[in-house]
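This report refers to the structure that appears directly beneath it.
The values are calculated or read from the model by the stated rules, or taken from the named source; none is laboratory data. Worth saying up front: this structure is predicted, and the values here are computed from it rather than measured. With ideal geometry, Cβ positions are generated from the backbone for all residues, glycine too; neighbour counts draw on all protein chains shown. Quick note on the areas: whole protein, heavy atoms, side chains included, nothing else; ligands and nucleic acids left out. Shrake-Rupley method; radii C 1.70, N 1.55, O 1.52, S 1.80 Å.
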Amino acid sequence: MNDTLAPQVRSILRAARERDVAADDRVSVSPRSLSAAFADAESDGRVPVIAEVKPTSPTTEGERRDDPVELAEGMVAGGAAALSVLTEPEHFGGSTENLERIRDAVDVPVLRKDFVVREAQLDAVAADVVLLIARFVGDDLADLKRAAEERGFQVLVEVHDRDELERALDVGAEYVGVNNRDLAKLEVDLETFERVAPHTSGDVTLIAESGVSTPADVRRMREAGADGLLVGSAIMDGDVTENTEALTRAESEGSA
Ligand SMILES: O=C(O)c1ccccc1NCC(=O)[C@H](O)[C@H](O)COP(=O)(O)O
């Protein structure tokens, strides 16, 4: 599998495998419901957007050093239904402290965005939702999903193609994210979601991840079946409240 990943992604995976977890105790979470947050957004005319606090990334120039709590509050003010917070330190400038502070400051669900590959890594910090990337966790998907749910986390299983989608459905994933970013080349193509989404079963909450930058992209992903969208770079680039608002209002009259 490693040979087919972009060098930056190989480096992310290597760091994830080597990362130790200092936590002594198993976390126990009373999660804020992601599906209820999506329903609340829909009921007042907002597109359900998970806005991502992403200080930097292998495909971003520079690093945004504003207070992550201020960024998160700005995203919620712009109508974000939920937040995603990078906790990966080496390639994304994230931290578990950022997530803790943000989760204390807002009342929407918070997704821990990281590259979890071992059960002990689930105990690094409490969050409402944890990400498991099908391609990274391989045959451990079912065990890690069970371990996460035992701790109270909701689990977002990330896939990129139909085979990974089948694996997500086989383990009973309720939240599936289709990542438009190809981890082999790091290219983003919104057609990925359009190709994979029709093969999902109806009771799954489907999230389009990566590469969404305009209201037209939002509408395109929604027409292809996205219940929600995960957006990082386009929101982090400039005024996060205005950027979030433009996307959450993409289906309102008068939106560009
Ligand atoms: O964002 C990257 O550069 C990246 C590189 C290698 C592996 C993963 C990467 N991103 C993780 C994500 O899933 C995105 O942060 C998330 O989907 C938001 O994407 P975007 O809206 O395109 O910033």
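Of the residues that sit in region 196-224 and are at pLDDT 95 or above and surrounded by fewer than 17 Cβ atoms within 10 Å (Cβ to Cβ), which one is nearest to the ligand (Cβ to nearest atom)? Only one residue tops the list, namely 214.
Among residues of region 35-55 being charged (D, E, K, R) and away from the ligand (no atom under 16 Å from the Cβ), the one that is nearest to residue 187 (Cα to Cα) is 46.
Within region 67-89, the set of residues being open to solvent by 60 Å² or more (accessible area, probe 1.4 Å) and without any contact (Cβ under 8 Å) to a residue 12 or more places away in the chain comprises 70, 89.
Screening 64, 32 for residues that are assigned to a loop (DSSP other than H, G, I, E, B), among the basic types (Lys, Arg), within 16 Å of the ligand (Cβ to nearest atom) and open to solvent by 50 Å² or more (accessible area, probe 1.4 Å) leaves exactly one candidate, 64. The condition (being of a type outside the set (Phe, Trp, Tyr), in a strand (DSSP E or B) and closer than 30 Å to residue 187 by Cα) is satisfied by just one residue among 71, 83, 13: 83.
If only one of 111, 99 is within 16 Å of the ligand (Cβ to nearest atom), in contact with an Asp or Glu (Cβ under 8 Å, 6 or more places away or on another chain) and either modelled with pLDDT under 95 or open to solvent by less than 20 Å² (accessible area, probe 1.4 Å) (or both), which one is it?
Within the list 111, 99, the selection yields 111.
Of the strands (runs of 3 or more DSSP E) that lie entirely inside region 94-196, those containing 1 or more residues that are under 25 Å from residue 217 (Cβ atoms) and small (Gly, Ala, Ser) span 175-179.
Pick from region 9-29 the residues that are more than 16 Å from the ligand (Cβ to nearest atom) and among the β-branched types (Val, Ile, Thr): which of them is most open to solvent (accessible area, probe 1.4 Å)?
Ranking the qualifying residues of region 9-29, first place goes to 21.
Can you find a residue in region 234-247 that is assigned to a loop (DSSP other than H, G, I, E, B), hydrophobic (A, V, I, L, M, F, W, C) and open to solvent by less than 30 Å² (accessible area, probe 1.4 Å)? There is no residue in region 234-247 that is assigned to a loop (DSSP other than H, G, I, E, B), hydrophobic (A, V, I, L, M, F, W, C) and open to solvent by less than 30 Å² (accessible area, probe 1.4 Å).
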